[in-house]
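Written below as structure tokens is the structure these notes are about.
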Amino acid sequence: MDPFYPIDVFSTVWWWGWAYFGAYALFLMLMARANDQLRLWTERILGYSLMALYLGVHLHQVVHGVWSPSTSLPGHLCSISFLLAVIYLTTGSTKVLLPLTFWGITGGAHALITPASPLGDHPLYLIEFWVQHTTIVLVPLYALRSGAWLIPARAWVKAFWGNQFLLVPIFVLNRVVGANYQFLLAPPAVNNPLLIGPWPWYLVGIDALMLGHYWLIQKWLGQRS
């Protein structure tokens, strides 16, 4: 059975999720202007806490016999971005911020607009959904606001082509384990008017939408050549 669980707009879970987003955003905005030592400790504690949640979700799946390579691997762009955010917070490495900024803000924003848990409706999985997607939107914005890095010129082009190269191993993974990571084999079961047409035409739309979003992020937040 497909565990994909759409979250109804204006439902209790939806309201709690957006309240969490607001509190998380306020917290990171304040931390971005804190002194270096406080920011460092906050980043490390947050990063290890996020990793503990990620591992806890997978352990829960294993214990309850629902872990599956077709749904539980970090194959979606949002899951990959979440791991990049954890790497940044726990190590301070700014090398991950270029893909995290473009992949995370774009993927996370769309996931929050049409929320759905890919793991099911268990409370732990719903919490993980909101934590993951708010993190990948807010952490790169926090890094920019704190002055940890600046988006270099034409970074949006690098992020787009990096995503395209990533699709090759993800497509192979989908075929091997019978998955639909990054929705390469079928569109997500959410009511998104931007997903138009059957396979493979909706993928063209996703790519065009992604490229446009990356350009906007570059225009609003980054340097321009």
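The values are calculated or read from the model by the stated rules, or taken from the named source; none is laboratory data. All values reported here derive from a predicted model rather than from experimental measurement. Every residue, glycine among them, receives a Cβ derived from its backbone with ideal geometry; neighbour counts consider all protein chains shown.
Here are the numbers:
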quantity: Single residue of segment 129-164 satisfying the filter (farther than 28 Å from PHE4 by Cα and of a type outside the set (A, V, I, L, M, F, W, C)) that is surrounded by the fewest Cβ atoms within 10 Å (Cβ to Cβ); calculated: GLY147
quantity: Hey, SER72 in contact with a Gly (Cβ under 6 Å, 6 or more places away or on another chain) and either at negative phi or hydroxyl-bearing (Ser, Thr, Tyr) (or both) or not; calculated: no
quantity: Selection count where residues are modelled with pLDDT of 90 or more, more than 19 Å from the chain's Cα centre (by Cα) and of a type outside the set (A, V, I, L, M, F, W, C), scope segment 177-225; calculated: 2
quantity: Residues of segment 73-130 satisfying the condition of being of a type outside the set (Ser, Thr, Tyr) and touching a strand residue (DSSP E or B) at 6+ places or on another chain (Cβ under 6 Å); calculated: ALA116, GLY120, ASP121, LEU126, PHE129
quantity: Evaluation of SER93 against (1) small (Gly, Ala, Ser); (2) more than 15 Å from HIS213 (Cα to Cα); (3) within 17 Å of the chain's Cα centre (by Cα); (4) modelled with pLDDT of 95 or more (one fails), failing number; calculated: (3)
quantity: Test: residue in segment 83-90 that is hydroxyl-bearing (Ser, Thr, Tyr), surrounded by fewer than 24 Cβ atoms within 10 Å (Cβ to Cβ) and at pLDDT 95 or above; calculated: yes
quantity: Top-ranked residue in segment 1-52 [being surrounded by fewer than 14 Cβ atoms within 10 Å (Cβ to Cβ), aliphatic (A, V, I, L, M) and farther than 13 Å from LEU138 by Cα; ranked as modelled with the lowest pLDDT]; calculated: MET1
quantity: Check on ILE105, of a type outside the set (S, T, N, Q), closer than 30 Å to MET29 by Cα and touching a Pro at 6+ places or on another chain (Cβ under 7 Å); calculated: yes
quantity: Condition met for VAL63 (over 27 Å from LEU144 (Cβ atoms), modelled with pLDDT of 95 or more and in contact with an Asp or Glu (Cβ under 7 Å, 6 or more places away or on another chain)); calculated: no
quantity: Test: residue in segment 48-57 that is more than 30 Å from LYS158 (Cα to Cα), more than 19 Å from the chain's Cα centre (by Cα) and not basic (Lys, Arg); calculated: no
